[in-house]
Amino acid sequence: KSHATAYALIAYQTAWLKSHYPSEFLAENMNTEMNDINRIVTLINEATDQEVIVDAPNINISFSEFRALSNNKISFGLSAIKNVGTKASESIVEYRESNSIYNTIFDLCKINLGAVNRRAIESLIQAGACDDLKGNRAEQFDIIDTALKFGQQFIREKKSLQENLFSDDDSSIISEPKLSNLEKWPKRDSLIREKEMLGFYLSGNPLDDYSEDLNELNNINLINPPNKFPEKIKVGGIITGVNKRFDKKNRQWAIIDL
């Protein structure tokens, strides 16, 4: 009985929080599941069901952790992006709050490169966290090497001018290189990269172009499945994983993620 009472109290408290403070409740749940992308996806879907928007990651808005911005909006945690981590994301937020918003990919390279390295910058671009900056994702990604060299030189120059009375203006230290003029990545490529960094599609879905065909050919809705299934089920989608198995008679079969 003592256990039942304790669990009942916790259930009541969490239900009350989930009802009255849905954004805060879900954001903190996402933070506790930061290392399990499948749980993050489940919680984001739950947020959608509760009409709570989870914004795409943005280095000018997001924090290291998931954070409630209002009663129906959550800011995506930068440290949940693959290869970014807590140290880099905290450095990004700290630099932003101490200076100003980021305008170009070169601004991102003015941070201590020990904290924000090449892999982190690549991941941020592919996840869409740098979409506010000058240039498209392809242009930003193409110039990473140049941006890193710029950052190293910028930091050296700034250190050498520390005692200079007129060295407060960063723009006077070294001029930024120009971005390459490249076309955007195709939508499908962009979404594939985004999914690799986030674990799911956030800004769109590769199946959007085939929605009419899927609606016509599918005979059940997997989001709201019927009480009674047809004898033969027809569904369409993207195969994201195949796990091959063998039965006792050495016949091959497979579990497929759709």
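Details
- The number of residues in segment 100-153 that are among the polar types (S, T, N, Q) and touching a residue at least 60 places away in the same chain (Cβ under 8 Å) comes to 3.
- Enumeration of residues in segment 185-213 that are open to solvent by 70 Å² or more (accessible area, probe 1.4 Å), assigned to a helix (DSSP H, G or I) and either small (Gly, Ala, Ser) or in contact (Cβ under 8 Å) with a residue 60 or more places away in the chain (or both): 196
- Selection status of residue 188, farther than 26 Å from residue 43 by Cβ, modelled with pLDDT of 85 or more and touching a Pro at 6+ places or on another chain (Cβ under 8 Å): yes
- For residue 138, the conditions (1) assigned to a loop (DSSP other than H, G, I, E, B); (2) open to solvent by less than 80 Å² (accessible area, probe 1.4 Å) all hold with the exception of (1).
- Per the listing 83, 35, 58, 31, the residue uniquely within 18 Å of the chain's Cα centre (by Cα) and loosely packed, with under 12 Cβ neighbours inside 10 Å is 35.
- Index of the failed condition, residue 155 passing every other in (1) under 23 Å from the mean Cα position of the chain (by Cα); (2) open to solvent by 30 Å² or more (accessible area, probe 1.4 Å): (1)
- Hits in segment 214-253 - residues which are under 26 Å from residue 56 (Cα atoms) and surrounded by 10 or more Cβ atoms within 10 Å (Cβ to Cβ): 222, 237, 238
- Looking at segment 2-119, the strands (runs of 3 or more DSSP E) lying wholly inside it that each contain 3 or more residues that are farther than 18 Å from residue 132 by Cα sit at 67-70.
- The number of residues in segment 113-135 that are in contact with an Asp or Glu (Cβ under 8 Å, 6 or more places away or on another chain) and of a type in the set (S, T, N, Q) comes to 1.
The values are calculated or read from the model by the stated rules, or taken from the named source; none is laboratory data. Because the structure is a prediction, the values reported are computed rather than measured. Counting neighbours? That spans all protein chains shown, and the Cβs are built from the backbone with ideal geometry, glycine included. With ligands, DNA and RNA removed, areas are computed over all heavy atoms of the protein, side chains included. Shrake-Rupley method; radii C 1.70, N 1.55, O 1.52, S 1.80 Å.
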